[in-house]
Amino acid sequence: MQAFQDFYPENVAHCYGCGRLNADGHQIKTFWDGDETVTRFQPKPEHTAIPGFVYGGLLASLIDCHCTGTAAAAMYRAENRAMDSLPAFRFVTGSLQVSYLKPTPLGPQLEIRGRVKEIKGRKVVVEATLYAEGVATARGEVVALQMPDSFTA
Ligand SMILES: CCCCCCCCCCCC(=O)SCCNC(=O)CCNC(=O)[C@H](O)C(C)(C)COP(=O)(O)OP(=O)(O)OC[C@H]1O[C@@H](n2cnc3c(N)ncnc32)[C@H](O)[C@@H]1OP(=O)(O)O
């Protein structure tokens, strides 16, 4: 099954968090699961904050790209369009808020689950919860905006 990020056009597929063309990036993969979206990610030893626990910046990055991917997929779904149809929806982060609820253990695979809170014009608000072994350790919310032309290098 193809992930949302597998449909990103080449010119926006280099993001450190979610770009499939960024060999040094996280290359997250996000899928629908009913009305929710899900990403699974295996942190590596270099993602340490305090020994035994995952660096919060990585968790923020995972939530960020999970939510921008969800925003794009939700917009396609709202318009009843396939993700490979044109014109492509491209979303960037307007704001990212993360609450760290508990230390996140380094070792287990993490699961991020997202839900669309609001679609309004060019804006999609997505909330996400990050789990380690079924325990919610971080929660976040992203305001994602359709990418303006000024973003093109
Ligand atoms: C399949 C392909 C996928 C391809 C996907 C590619 C994946 C890349 C994803 C990577 C994620 C990133 O790291 S992206 C990189 C980090 N982000 C950035 O660098 C973004 C820099 N900022 C900007 O370019 C701009 O400020 C924008 C695009 C975010 C917003 O500018 P704008 O588009 O002119 O927004 P504007 O019309 O004023 O406002 C529209 C609505 O959004 C709200 N809004 C505007 N800015 C913000 C904000 N910062 N925080 C909260 N809300 C905001 C406004 O209140 C308004 O709400 P209302 O009044 O209508 O309710």
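Only one of the numbered conditions (1) open to solvent by less than 30 Å² (accessible area, probe 1.4 Å); (2) at pLDDT 95 or above; (3) over 28 Å from Thr137 (Cβ atoms) is violated by Ile63, and that is (3).
Note on the range 16-48: among residues that are in a loop (DSSP other than H, G, I, E, B) and without any contact (Cβ under 8 Å) to a residue 12 or more places away in the chain, the one that is nearest to the chain's Cα centre (by Cα) is Gly25.
Restricting attention to the range 116-147, the residues being open to solvent by less than 40 Å² (accessible area, probe 1.4 Å) and either on the phi > 0 side of the Ramachandran plot or more than 16 Å from the ligand (Cβ to nearest atom) (or both) number 6.
Across the range 42-59, which residue is nearest to Lys117 (Cα to Cα) among those that are among the aliphatic types (A, V, I, L, M) and surrounded by fewer than 19 Cβ atoms within 10 Å (Cβ to Cβ)? Steps first, answer last, please.
Step one: list which residues in the range 42-59 are among the aliphatic types (A, V, I, L, M), which gives 49-50, 54, 58-59.
From what's left, surrounded by fewer than 19 Cβ atoms within 10 Å (Cβ to Cβ): 49-50.
On the way: Ala49: 30, Ile50: 33 Å.
The selected residue is Ala49.
Tell me whether the range 63-78 contains one or more residues that are among the charged types (D, E, K, R), without any contact (Cβ under 8 Å) to a residue 60 or more places away in the chain and within 15 Å of the ligand (Cβ to nearest atom). Write out each step before concluding.
Quick first cut of the range 63-78, residues among the charged types (D, E, K, R) only: 64, 77.
If we keep only those that are without any contact (Cβ under 8 Å) to a residue 60 or more places away in the chain as well, we get 77.
Add one more test, that the residue is within 15 Å of the ligand (Cβ to nearest atom), and what stays is 77.
Yes: one or more hits.
Residue check: Asp33 meets all listed conditions (1) within 21 Å of Phe4 (Cβ to Cβ); (2) surrounded by 15 or more Cβ atoms within 10 Å (Cβ to Cβ) but one, namely (2). Within the range 88-115, being within 16 Å of the ligand (Cβ to nearest atom), in contact (Cβ under 8 Å) with a residue 60 or more places away in the chain and assigned to a strand (DSSP E or B) holds for Ile112, Gly114.
The values are calculated or read from the model by the stated rules, or taken from the named source; none is laboratory data. As the structure is a computational prediction, the values presented were derived from the model and not from experiment. Please note: Cβ atoms are built from the backbone with ideal geometry, for glycine as well, and neighbour counts cover all protein chains shown. We work out accessible area using only protein heavy atoms, side chains counted, and drop any ligands, DNA or RNA first. Shrake-Rupley method; radii C 1.70, N 1.55, O 1.52, S 1.80 Å.
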